[in-house]
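Q: Sharing a structure here in structure tokens format.
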Amino acid sequence: QVQLVESGGGLVQAGGSLRLACAASSSRFSFNAMAWYRQAPGEQRNLVAQVTAGGTTNYADSVKGRFTISRENAKNAVYLQMNSLKPEDTAVYYCHGLRNYVDYWGQGTQVTVSS
């Protein structure tokens with residue numbers, strides 16, 4: 001069995017930073033694309049940032065310039081550096097991996113930004 005595990009969430013003041021990490025439970029498992037999504041209370045799960053196996057990145061407009069996604073393919077890991085955090089960033093953040101057109105999801109990690 002393979003699963004994605006997130007870490008790095010927590011409580012931070014507005015303007016602060018957090019770094020989220022996600023890794024597959026198996027070192028033999030690789031993804032063609034990885035991403036971070038988030039879901040605020042009462043809202044849908046939305047894409048925050050994604051990165052392809054080749055390193056191409058894409059960001060939601062709301063986080064562009066503040067968040068940086070990166071991946072370490074050898075470790076099957078993806079990271080999200082979040083700077084200049086705002087209360088609107090408060091949500092559960094989910095790691096996502098796409099492998100052979102199959103979706104894999106982490107359990108989520110809570111990010112709370114106080115005003």
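Just so you know, all these numbers are worked out from the coordinates, no wet-lab data involved. On a predicted model such as this, the values are computed, not experimentally measured, just so you know. Neighbour counts are summed over all protein chains in view; Cβ atoms, including those assigned to glycine, are modelled from backbone coordinates with ideal geometry.
Q: Say we look at segment 76-98 and pick out the residues that are among the hydroxyl-bearing types (Ser, Thr, Tyr) and not in a strand (DSSP E or B); which of these is surrounded by the most Cβ atoms within 10 Å (Cβ to Cβ)?
A: Thr90
Q: Met34 passes all but one of (1) more than 14 Å from the chain's Cα centre (by Cα); (2) aliphatic (A, V, I, L, M); (3) farther than 17 Å from Ala91 by Cα; which number fails?
A: Condition not satisfied by Met34: (1).
To keep it simple, each residue is scored yes or no on (1) touching a Phe, Trp or Tyr at 6+ places or on another chain (Cβ under 9 Å); (2) of a type outside the set (Gly, Ala, Ser).
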| position | (1), (2) |
| --- | --- |
| Val12 | no, yes |
| Ala23 | no, no |
| Phe31 | yes, yes |
| Arg45 | yes, yes |
| Val78 | yes, yes |
| Tyr93 | yes, yes |
| His96 | yes, yes |
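Q: Can we say Ser30 is touching a helix residue (DSSP H, G or I) at 6+ places or on another chain (Cβ under 9 Å), more than 14 Å from Gly106 (Cα to Cα) and in a loop (DSSP other than H, G, I, E, B)?
A: It is true that Ser30 is touching a helix residue (DSSP H, G or I) at 6+ places or on another chain (Cβ under 9 Å), more than 14 Å from Gly106 (Cα to Cα) and in a loop (DSSP other than H, G, I, E, B).
Q: Within the bounds of segment 98-110, is there any residue that is among the small types (Gly, Ala, Ser), in contact with a Cys (Cβ under 6 Å, 6 or more places away or on another chain) and closer than 12 Å to Ala21 by Cα?
A: Within segment 98-110 (the criterion being among the small types (Gly, Ala, Ser), in contact with a Cys (Cβ under 6 Å, 6 or more places away or on another chain) and closer than 12 Å to Ala21 by Cα), the answer is yes, since at least one residue qualifies.
Q: Ok, one more. Counting only residues that are under 25 Å from Lys86 (Cβ atoms) and basic (Lys, Arg), which one in segment 55-75 is surrounded by the fewest Cβ atoms within 10 Å (Cβ to Cβ)?
A: Restricting to residues being under 25 Å from Lys86 (Cβ atoms) and basic (Lys, Arg), the top hit is Lys64.
Q: Taking interchain pairs and intrachain pairs at least six residues apart, which have beta carbon atoms under 9 angstrom, with the first residue in segment 88-109 and free of Cβ contacts under 8 Å to residues at least 24 places away in the same chain and the second surrounded by 16 or more Cβ atoms within 10 Å (Cβ to Cβ)?
A: Asp103/His96; Asp103/Gly97
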